[in-house]
Amino acid sequence: MTAGFSRAIPVLDSDFTEDISLVQTEARTVTSTPWPSRVFAPYCDVLLWPTFDISSTAAAVKNKHFTLAFITADGGGKASWGGMVPLAQNFYSQYISQLRQLGGDVIVSFGGANGQELALVSSNNLVAEYKSVIDMYSLTYVDFDIEGGALFNSAANTRRAQALVQIKKLYPNIKISYTLPVLPSGLTAEGVAILSNAAANGLVIDVVNIMAMDYGSGPAPNGATGMGGYAISAAKATYAQAKPIFPSVTIGVTPMIGVNDVQGEVFRVEDAAQLTQFAQSTSWISLLSFWSINRDHGVIGPLFASSRIQQSKYDFATAMLPFELSASVAKTPVPAPKLPLANIPGLYNWPSTVFAPTIDTTAANAANIVTMATTVGTNMYNLGYIVADANANPSWGGAHGLPESWYLSQIQQVRNFGGDVMVSLGGPNGQELAQVITNPSQLKNQYQNIIDSYSISWLDFYLDGAALTNQASIDTRNAAIRGLQVAMPNLKITYTLPATASGLLDNAVYVLTSAYNAGVRVDVVNALVAPASVGATLASDTTPGAYTTAAVQAAYAQAQGTGLLYFKMGITPVIASQNFGGKTFGSSDANVVLQFARSTSYVTYMSYSTANTDSESQVVNVLRRYGV
């Protein structure tokens with residue numbers, strides 16, 4: 001991360017003298033507020049002018065913790081702010097003191113993208129230099145931002161680790177974090193080597209904090225709308241890399257808010273909310289931060305001082321603060337899972353872009369999801385269809401009761417591949433449960449039965465035919481879904497609704513209006529595009545791919561008009577040729593839809609109906625790239 005060292009800095013006293021002994025062997029007694037188990041501490045570039053007042057921000061946003069950047073070596077190898085402001089200046093102490101009076105505290109970060117971290121230049125006095133900063137500001141948490149050339153300096157990495165072992169002896173309760181660059185796939189080889197080096201020298205790192213930013217278009221092709229998902233993927237991968245080295249390690253995540261240094265990458269407020277929700281439900285996340293609090297406002301300016309996006313002041317801080325305010329790790333109250341390693345709602349984190357082929361598991365030619373997962377590489381699926389049996393109980397196709405061992409086995413194998421499934425209720429045949437259960441509480445209990453049977457975190461409601469014309473059942477369903485969401489805030493809900501090039505059918509629009517009136521959060525409005533099934537036709541010069549994208553755009557405009565907030569769109573073409581007036585939805589159409597989805601910020605979900613009819617995998621081999 002790059003601090004604004006080229007901007008104006010505080011003027012030094014002409015007669016300052018260094019008054020901290022660099023050979024002192026006893027640690028000062030440090031008194032400060034204990035750190036919570038979850039910390040939100042955005043970075044503050046303290047060298048930008050005008051000097052940023054963290055205490056005022058704390059009072060405005062109710063955020064009590066900040067990470068101050070950066071301590072580096074001056075020309076004589078001494079600890080200083082940005083290599084220019086010596087400790088003897090007592091720089092920034094008044095703001096830290098005011099923050100502590102509000103019950104807060106600071107982390108001080110050493111290193112950064114500019115200047116030289118002390119370990120790069122100091123060999124004999126490194127412990128004393130680190131100690132001088134700790135004592136000056138009475139620190140109980142220090143961070144080491146290691147990036148650029150510092151990643152490759154093995155001698156400096158060893159010196160740092162050995163010095164910090166001594167610091168831990170002097171300050172047994174001090175917390176130490178290493179901040180390292182990542183890709184969505186995790187730490188680079190150099191980052192892993194730094195952790196291994198620390199462990200080999202006897203240092204226990206408390207927090208591995210990842211710089212979730214500046215990946216590049218290769219590792220992160222969806223930089224415009226996928227940065228939240230990339231941050232989550234990077235965190236998961238980093239934890240898997242770090243835990244074997246430090247069994248008690250926790251992970252921190254630090255995105256660069258707004259426009260990143262790499263062109264095309266934008267971390268939005270929506271991404272911050274997505275990351276925060278993930279962190280709240282993840283026990284091994286202990287720190288959220290971002291670069292930087294100086295940039296968290298809507299005034300467009302240079303990148304070092306502005307997010308460069310349209311936002312209100314402190315939108316990002318407001319979005320991420322709930323992580324620290326959570327008293328404990330949020331776990332949805334559900335019964336013990338019936339599947340080993342099951343996906344209890346709130347624990348599985350769906351990526352920001354999802355490709356999940358729809359499989360009619362009750363059809364005679366049903367595709368085998370385990371076979372697809374191993375041959376095609378797709379590990380997320382939409383399994384259909386659960387409808388009411390003769391006794392108004394949930395069942396697969398009206399014939400197979402829950403849980404049914406075959407479904408348990410298939411779902412568990414997909415989860416073993418690192419994926420998951422959503423379950424679709426309704427579909428083209430049979431009756432969705434709300435059509436036969438008129439009591440919202442009883443209906444909610446039946447939906448809960450489905451969730452508990454398979455530990456599901458995403459429900460899809462595929463409404464067609466009579467299910468669309470029965471407004472009483474629509475209202476009952478939404479009342480039941482609202483009850484589920486109150487008990488299970490992380491449960492995702494999709495409505496799959498038929499759409500033509502003119503948009504959603506009128507009855508389908510009522511479904512969304514009813515959801516809004518009931519207070520339901522609809523995560524995805526999924527446009528099911530099968531024009532022939534609703535009496536629509538294609539012009540002779542219109543391809544199935546172009547027709548599908550037009551349907552999604554029209555449906556999105558209608559959904560916006562219902563009052564729903566925060567929803568995204570899904571795309572599900574029904575690929576059998578009879579659904580497009582005899583025209584085959586082939587790989588070229590799939591590519592049109594794929595490119596549209598990738599370039600459209602309000603699209604988050606892709607499927608096709610059904611995998612049973614994709615005999616040569618032409619469609620899946622194109623669309624699966626959406627989820628990559």
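Numbers below:
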{"item": "Rel. contact order, % - alpha carbon contacts under 8 angstrom, at least six apart, the chain", "result": "9 percent"}
{"item": "Over the chain: helical MRE at 222 nm, DSSP H runs n ≥ 4 each giving -39500 (n - 2.57), nearest 500", "result": "-9500 deg cm²/dmol"}
{"item": "Stretch gain in nm, segment THR537-GLN94, where the contour uses 0.36 nm per residue and the Cα spacing is subtracted", "result": "152.4 nm"}
{"item": "Added length on full extension, which subtracts the Cα-Cα distance from 0.36 nm per residue, THR469 to ASN391", "result": "25.8 nm"}
{"item": "Within-14-Å neighbourhood charge of ARG268 [Cβ basis; K, R +1; D, E -1]", "result": "-2"}
{"item": "Ranked TRP291, TRP35, TRP284, criterion: other C-beta atoms within 10 Å, fewest first", "result": "TRP284, TRP35, TRP291"}
{"item": "Nearest 10 degrees, 0 to 90: helix 227-242 Cα axis against the chain principal axis", "result": "60 degrees"}
{"item": "12 Å beta-carbon shell around TYR314, net charge (K/R +1, D/E -1)", "result": "+1"}
{"item": "Spacing of the two label points (7 Å from each Cα toward its C-beta) at SER248 and GLN560, in nm", "result": "5.2 nm"}
{"item": "Percent of alpha-carbon pairs separated by more than 29 Å within region 354-627", "result": "26 percent"}
{"item": "Translational diffusion of region 39-325, µm² s⁻¹ [Kirkwood Rh, Cα pairs; Stokes-Einstein; 25 °C; 0.890 mPa s]", "result": "130 µm²/s"}
{"item": "29 Å Cα-Cα threshold exceeded, pairs from LYS236/LYS444; LYS64/LYS175; LYS175/LYS236; LYS64/LYS131; LYS64/LYS236; LYS78/LYS236", "result": "LYS236/LYS444; LYS78/LYS236"}
{"item": "Antiparallel bridges, percent of DSSP beta bridges restricted to region 354-627 (to nearest 5)", "result": "15 percent"}
{"item": "³J(HN,Hα) computed for each position of region 353-362 - Karplus, 6.51 cos²θ - 1.76 cosθ + 1.60, integer Hz, glycine/proline x", "result": "10, 10, 10, 9, x, 8, 10, 7, 5, 8"}
{"item": "Label-point separation in nm, ARG625 to SER56, each point 7 Å along Cα→Cβ", "result": "5.0 nm"}
{"item": "Net length gained if the chain between GLN310 and SER185 were fully extended (0.36 nm per residue, minus Cα distance)", "result": "42.1 nm"}
{"item": "Percent of beta bridges antiparallel (DSSP, the chain, rounded to nearest 5)", "result": "20 percent"}
{"item": "Cα-only Debye scattering, the chain: base-10 log of I(q)/I(0) at q = 0.07, 0.10, 0.12, 0.13 Å⁻¹", "result": "-0.50, -0.90, -1.15, -1.29"}
{"item": "Two-site label geometry, SER405 and SER196: point separation in nm, points 7 Å out along Cα→Cβ", "result": "4.5 nm"}
{"item": "Residues with amide H under 5 Å from that of SER424, placed H, sequence gap 5 or more", "result": "LEU383, GLY384, ILE386, ASP460"}
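Coordinate-derived values only; no laboratory data. The structure presented is a predicted model; accordingly, all values stated were derived computationally and were not measured. As a convention, Cβ positions derive from the backbone with ideal geometry for all residues, glycine included, and neighbour counts pool all protein chains shown.
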